[in-house]
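Taken together, the values in this text are just the output of simple stated rules run on the coordinates, not laboratory data. Bear in mind that the values here come from a model prediction, so they are computed numbers and not experimental data. Cβ coordinates were reconstructed from backbone atoms using ideal geometry, including for glycine residues, and neighbour counts include every protein chain displayed.
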């Protein structure tokens, strides 16, 4: 089990992440010294040793930029995506509780940024049902969504039906004062509800198929 990091160690870790996001390569010890306003490189080195011991990073000996993040940051070109819940592609299901979303044991998956189209704050929902099968989204697949509340017509969305407190995966069409939630399955009927009774939670940006 990892120990608690000091404020200085947390600051160093945050600086390394920011530096790598900006430059796409790790900082040197002197970069960290300057960026974190630390008195000497030996102090930086000591705190890096602690971070390595606690499993937050790995240092490559004799390499000036030999820092690899292991905790709280995905590999370069990858992003960590939380899997929040299951979502019915057939009939609506209840929205997961806030308590469930705050669970520290929430499942996360590491995915290439190409799958998320470079979007930020992407989350995943596991599909149940077959109403989006004609869009090549099958039971058990993961849909990747960006948080959106005002989608465009034709977007595939996770829509919350306020009266039922249930969420469903459909294509969104605003038609006057009515929203049509259209399945991608010719055997199923669309859901039509007053626009004020629908709240969009996210727009699909990618799919991870299980088959």
Please give the contour-minus-distance gain from residue 195 to residue 121: 0.36 nm per residue of separation, less the Cα-Cα distance, rounded to one decimal in nm.
24.1 nm
Two-site label geometry, residue 208 and residue 152: point separation in nm, points 7 Å out along Cα→Cβ:
2.7 nm
Label point distance in nm, residue 25-residue 187, each placed 7 Å from Cα along Cα→Cβ:
5.6 nm
What FRET efficiency comes out for the pair residue 136/residue 18, r = Cβ-Cβ distance, R0 = 35 Å, nearest 0.05?
0.40
